[in-house]
1. Determine whether the range 128-137 contains at least one residue that is modelled with pLDDT of 90 or more and in contact with a Ser or Thr (Cβ under 6 Å, 6 or more places away or on another chain).
2. Inside the range 155-177, can you point out the residues that are farther than 15 Å from Val193 by Cα and in contact with a Leu (Cβ under 9 Å, 6 or more places away or on another chain)?
3. In the range 170-208, what residues are within 22 Å of the chain's Cα centre (by Cα) and over 27 Å from Ala91 (Cβ atoms)?
4. Can you confirm whether the range 74-86 contains a residue that is assigned to a helix (DSSP H, G or I) and modelled with pLDDT of 80 or more?
5. Scanning for something within 19 Å of Met92 (Cβ to Cβ) and either at pLDDT below 90 or open to solvent by less than 70 Å² (accessible area, probe 1.4 Å) (or both), does the range 211-231 turn up at least one residue?
6. In the range 132-151, what residues are among the β-branched types (Val, Ile, Thr) and either open to solvent by 30 Å² or more (accessible area, probe 1.4 Å) or farther than 23 Å from Ser209 by Cα (or both)?
7. Count, please, the residues in the range 18-67 that happen to be of a type in the set (S, T, N, Q) and modelled with pLDDT under 75.
Amino acid sequence: MAGRRRGAAARRRRAARLKVVAAAGGLVLVLLVVFWSAVWLYVTGALVLGGVGAVGWWLWRTDRLVRGRDRLWRQEEAVKAGHRTLAEVDAMTGTEFEDLVARLCRRDGCTEIRRVGGANDNGADVVGRLPDGRTMVIQCKRYAPSSTIASRELRDLLGAKVHFGADLAVFVTTTRFSRPSERFAVQHGILAVHRDHLGLWNNGASLLSLTEVNGRGQGDSRHRARWKRAYGR
């Protein structure tokens, strides 16, 4: 019973509000008719401005949606373009591997990327700037997965960092680092991108995100044993 009374009271309140709104609307309509000759210019101007504003807002919103979809599509296409299976990477020449690394850098928003590898590369294969503006120098080694990167190769990269005056040195390889070379990289601030991290980078992870796992990811003795069984060493 109490519930029905509350429902009836709510309906009466809604009906009263509708009557007030209808009365106010009718009053406005009457005033417009009576004073139309004096206010028609303002009413027309308000309607025109409102229409222009609505059209402008719709165009702005549509442009944002189109630009957003285009940006997302370009990012997805850039990731797809950089995708290679590690088996395909293993079949590349050294120059092709350097080009792949350069493309991955550009995909991540790095700028001024250029390949400098060659006979007189001064220990660098790719140079450029990170998205935050810092300069970087990259050494690329497309070795067989059964090989191991020794510490002396990282020392050469450290010399290249000094030569080019770079803020960050990056060593990218298709194989793994020895334990001493991995420790050397961490101690001297070198980003060591081994085969597993290269797979992550190739599949869409950004280069800078790999700094968070630098010096890790090569696993324990069991992982190394599986690696040897897989790659014949």
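The values are calculated or read from the model by the stated rules, or taken from the named source; none is laboratory data. None of these values were measured; they are calculated from a predicted model. Quick reminder, even Gly has a Cβ in these numbers, built from the backbone with ideal geometry, and neighbours come from all protein chains shown. Please note that ligands, DNA and RNA were not included when accessible areas were found on the heavy atoms of the full protein model with its side chains. Shrake-Rupley method; radii C 1.70, N 1.55, O 1.52, S 1.80 Å.
1. Here is the first cut: in the range 128-137, the residues modelled with pLDDT of 90 or more are 128-137.
Imposing the further condition that a residue be in contact with a Ser or Thr (Cβ under 6 Å, 6 or more places away or on another chain) reduces the set to 129.
So far as the range 128-137 goes, yes, one or more of its residues are modelled with pLDDT of 90 or more and in contact with a Ser or Thr (Cβ under 6 Å, 6 or more places away or on another chain).
2. Of everything in the range 155-177, those that are farther than 15 Å from Val193 by Cα and in contact with a Leu (Cβ under 9 Å, 6 or more places away or on another chain) turn out to be Lys161, Asp167.
3. The initial filter retains those residues of the range 170-208 that are within 22 Å of the chain's Cα centre (by Cα), namely 170-172, 191-208.
Within the range 170-208, Leu208 is the sole residue that qualifies.
4. First pass over the range 74-86, keeping only residues assigned to a helix (DSSP H, G or I): 74-82, 86.
Restricting the remaining residues to those that are modelled with pLDDT of 80 or more gives 86.
Yes, the range 74-86 contains a residue that is assigned to a helix (DSSP H, G or I) and modelled with pLDDT of 80 or more.
5. Pass one, the range 211-231, residues within 19 Å of Met92 (Cβ to Cβ): 231.
Next, only the ones that are either at pLDDT below 90 or open to solvent by less than 70 Å² (accessible area, probe 1.4 Å) (or both) stay: 231.
Within the range 211-231, one or more residues are within 19 Å of Met92 (Cβ to Cβ) and either at pLDDT below 90 or open to solvent by less than 70 Å² (accessible area, probe 1.4 Å) (or both).
6. Filtering the range 132-151 down to residues among the β-branched types (Val, Ile, Thr) leaves 135, 137-138, 148-149.
Once the filter is applied, which keeps residues that are among the β-branched types (Val, Ile, Thr) and either open to solvent by 30 Å² or more (accessible area, probe 1.4 Å) or farther than 23 Å from Ser209 by Cα (or both), the range 132-151 yields Thr135, Thr148.
7. Counting residues in the range 18-67 that are of a type in the set (S, T, N, Q) and modelled with pLDDT under 75 gives 2.
Results for (1) assigned to a loop (DSSP other than H, G, I, E, B); (2) among the aliphatic types (A, V, I, L, M), shown as yes or no for each residue.
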{"site": "Phe184", "(1), (2)": "no, no"}
{"site": "Leu198", "(1), (2)": "no, yes"}
{"site": "Ser206", "(1), (2)": "yes, no"}
{"site": "Leu210", "(1), (2)": "no, yes"}
{"site": "Gly215", "(1), (2)": "yes, no"}
